[in-house]
1. Work out, in µm²/s and without decimals, the Stokes-Einstein translational diffusion coefficient of region 303-450 at 20 °C, 1.002 mPa s, Rh from Kirkwood over C-alpha pairs.
2. Just grab the label-to-label distance for residue 385 and residue 136, each label 7 Å out from Cα along the Cβ direction, in nm (one decimal).
3. For region 141-258, what is one quarter of the convex hull surface built on the Cα atoms, given in nm²?
4. For the chain, with the dipole built from +1 on Lys and Arg beta-carbon atoms and -1 on Asp and Glu ones, taken about the Cα centre, which of 212, 181, 390 lies farthest toward the positive end?
5. ³J(HN,Hα) across region 284-296 via Karplus (A = 6.51, B = -1.76, C = 1.60, θ = phi - 60°), whole Hz, x for Gly/Pro?
6. Given H placed 1.01 Å from N in the peptide plane, which residues other than close sequence neighbours of residue 455 have an amide H under 5 Å from its amide H?
7. No solvent, one uniform scatterer per C-alpha: report log10 I(q)/I(0) for region 31-166 via the Debye equation at q = 0.17, 0.21, 0.22 1/Å, two decimals.
8. Given region 369-408 reduced to its alpha-carbon atoms as identical point scatterers, what log10 I(q)/I(0) does the Debye formula return at q = 0.19, 0.35 Å⁻¹?
Amino acid sequence: MMSGRDQEPSRYYVGIDVGTGSVRAALVDQRGLLLAFAEQPIKKWEPQFNHHEQSSEDIWAACCLVTKEVVQGIDAHRIRGLGFDATCSLVVLDKEFHPLPVNHEGDSSRNVIMWLDHRAVSQVHRINETKHRVLQYVGGVMSVEMQAPKLLWLKENLREICWDKAGHFFDLPDFLSWKATGVTARSLCSLVCKWTYSAEKGWDDSFWKMIGLEDLIDDNYSKIGNLVLLPGAALGIGLTPEAARELGLPSGIAVAASLIDAHAGGLGVIGADVRGHGLTCEGQPVTSRLAVICGTSSCHMGISKDPVFVPGVWGPYYSAMVPGFWLNEGGQSVTGKLIDHMVQGHPAFPELQAKATARCQSIYAYLNSHLDLIKKAQPVGFLTVDLHVWPDFHGNRSPLADLTLKGMVTGLTLSQDLDDLAILYLATVQAIAFGTRFIIETMEAAGHSLSTLFLCGGLSKNPLFVQMHADITGMPVVLSQEVESVLVGAAILGACASGDFTSVQSGCCPFPWLAYPGGWKELGRKNSREGYTSLEMLLIG
C-alpha cells in the first residue's frame, strides 16, 4: 500500500461500512488503495433476551463523524463517489421519515431491529409452515433474521405505536442511501436477500397476503420499496446539500445503491485479479471461489452462472452481489461474538487480560502465542482431542437452518487456568471452521464446485482462525494484503456510481494477495503445520 498523500492519484471514493458494533469509513483511490480509515462505536440496546435494537439517528451521526475524519485535508473536488454497506437490520420510520419505536417501552430513538434479533420466532415458524414458493429462494426455510417475520412481529405486537403509524420500512443499507440522497429506491441486494423480492418477477402479492401482511401491497409496495436498483447504480442527483454538510463532502457527488455488509466484503474479494501472485486459483473460474466474510458472524458467498438450490443455504439470488451471477449465501450466526463469549466468560479471563496488556498484545494474539507454547512437539490441533464445541449458541443459520439449536461443550474438566482457556478458545475456532466445512460440503453436493476460500473481515486478521479454516476445509485460503475488503467493496460502489467504472466488476481492484496452505486437497500431502491430520482425527473420533 502507498503511504502518505503526496503520491495520490486524482480520484477518490468514500466507503462507509456499518457493522454490528461500529461504523467505519475509508478513503480509497482509483487503484483500490486505502488511504485513510476511521471508526466510531454505535449504541446497542438489549431490553430483553433476543431483542436487539439500535438507533438510526445514532448510526447516521457516526457515519458523519468518520467520513469527516477520512476526508480531512483532501481536495473535495477529487472525491467522486460514495458507497454504503450495512448490516441487514430493519429501520422503521413514520410517513414524515421520523423514527418509530420497535420496543414495548415506546422509545422512538430505538427504531432499528438488529439483524441478530430473534424476537420473531413464532412468526417465522408460521411463515415457514405456509411452504410458499418464495421460500425455495431462501434455502427452503426463511430465517428469523430476515425482514418478513420482523414485520409480522411489529404488526402483532406494536400495532398502535409503530405499525399503524409506519410510512417506511428500510433495510439499514437502503436507509443510509436515502439519508444521503433523499431517494427511497432500494438496492436489489437488500430486497432479494432479505425481503423475498425477485429480480425477475418483483414482489409476490400472494406471499404477503398468505402471511397476514397484505397491507404492505398498498400503493404499489411504497412502504417497503417499489423502485429497485442494482448495487452501484447512481441515486438521484447525488448527495443532498444537507447530507453533504453533515458528512463533510461536496454536494452532488455520486451516491450508489448500497449492499449488505457481507455482500460488500464478497464484492471486495471474490472478483479480484490474482494474476501474477503465484496463487493456485489463478486461471480458475470465479465460480470456484467462496468468499467468507467473518466478523460478528460469518457469511459464505458463492456465485454461479445458473441458479443452484442448496437446502439450508440462502438463495439462489440473481444479481444480488455480482451482476449477472446467482448468489448462494451460507452463514453462521454470531461467530465472532461466540469467540468473545467463550473467552470472556472463562474464570482465567482477568489473568489473560493482564498478561496480554503487559505484552502490549491483543488477547487473541496472546492466546495464539500461548497455544504455540503449550502444544510442545505435537500439532496444535491435538490440544483439543478431548474437548469439543458445538457452536450453534444462537441457532444454526446454515445448512441445518434450525434457529432452535443450542450450543454445547463436551469434555470439560475442573481446570480453570490459562491453559484451559486457551484450549477452549482453540476448540471454539475449530468448531466454527467445521461449520464452514459443513456449508461447503452442502453447497458442493447441490452443484457448486469450490476450490479456494477468500477470507475477509475482522476474524480474517487472526492467523489461527485462518489456518484452522485452511486445515479443516482442506482448501487454500487467500487473503488480500488490504485487510479492509468490506470498505473497499463499499468504495467500489461509489466508483461505479460516479461513472469512472462501467460496472462493479470493472471496479474490482488488483490487490496483492497472500495464501494459507489448505491441507491434502490442495497440496496432496499434509500442510506444513500438520494441523489437518489432527483435526481429521478429531472429526472422525
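1. 125 µm²/s
2. 5.0 nm
3. For region 141-258, averaging the hull's shadow over all directions gives 8.1 nm².
4. Checking the options against the dipole of the chain, the answer is 390.
5. The phi angles translate into 8, x, 5, 6, 8, 9, 10, 7, 10, 9, 10, x, 4 Hz.
6. So residue 455 has HN proximity to 292, 478.
7. -0.95, -1.20, -1.27
8. -0.65, -1.10
Where a number appears in this text, it was derived from the coordinates with a stated rule and is not lab data. Note that this is a predicted model, so its numbers are computed, not measured. Note that we place each Cβ from the backbone using ideal geometry, even for glycine, and neighbour counts take in every protein chain shown.
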